[in-house]
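For reference, the structure discussed in these notes is given below.
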């Protein structure tokens, strides 16, 4: 098979006073995500989508939250390392499509920087990365501003 598709998902709770990092960039906000690493749900979902498409498990298997080395780690490190590992296995990124679900903050102005950051970490053209953001219209934990989630779909092709 010359191509494979993977899907990734991540969610973290919001807490007052923490940094909010999404798509590898810091987003100004009163709340940030609770996590062992920097909590970047976007990059975690992209990593899981890539690993899933390659049949290489998930982010928790490669970078467990029980390992002190990853405490506070920037998720950009995980993405770059996942990209290296799939290239070593003979795969290349075809494209990345991401959906971010957050009631707040509004993310429209940050999406171009997220897109550029993801493309840079994966060493692909920005035209191969798409980012969408939406709210939950006040419904559920996202609508109640208790957390942020992200989904990613990735197409891999033989390198």
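Summary of values
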{"item": "Helical contribution to [θ] at 222 nm, DSSP H n ≥ 4, -39,500 (n - 2.57), averaged over the chain, rounded to 500", "result": "-8500 deg cm²/dmol"}
{"item": "Two-site label geometry, residue 108 and residue 158: point separation in nm, points 7 Å out along Cα→Cβ", "result": "4.4"}
{"item": "Cα centroid separation, the stretch 116-159 to the stretch 10-73 (Å)", "result": "12"}
{"item": "Estimated FRET transfer efficiency (residue 77, residue 116; beta-carbon r; R0 25 Å; 0.05)", "result": "0.90"}
{"item": "Label-point separation in nm, residue 85 to residue 141, each point 7 Å along Cα→Cβ", "result": "2.5"}
{"item": "Within a Gaussian network of the chain (alpha carbon springs, distance under 10 Å), most fluctuating of 146, 81, 137", "result": "137"}
{"item": "Residue 56-residue 34 FRET efficiency (beta carbon distance; Förster radius 41 Å; 0.05 resolution)", "result": "0.95"}
{"item": "Percentage of interatomic Cα-Cα distances in the stretch 3-158 larger than 19 Å", "result": "48"}
{"item": "Beta bridges by DSSP in the stretch 18-143, antiparallel share as percent, to the nearest 5", "result": "25"}
{"item": "Rg to Rh, two decimals, where the stretch 7-98 supplies the alpha carbon set and Rh follows Kirkwood", "result": "0.98"}
{"item": "Cα-based shape type of the stretch 111-159, given that a ≥ b ≥ c are square roots of the gyration tensor eigenvalues and the cut on a/c is 1.5", "result": "prolate"}
{"item": "Overall Cα dimensions of the stretch 64-145 - principal axes, largest extent first, Å", "result": "43, 36, 18"}
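Readers should treat all values here as calculations from the given coordinates under stated rules, not as data from a laboratory. Predicted model only: the values in this text are computed from it and were never measured. Ideal geometry is used to build each Cβ from the backbone, glycine not excepted, and the neighbour counts take in all protein chains shown.
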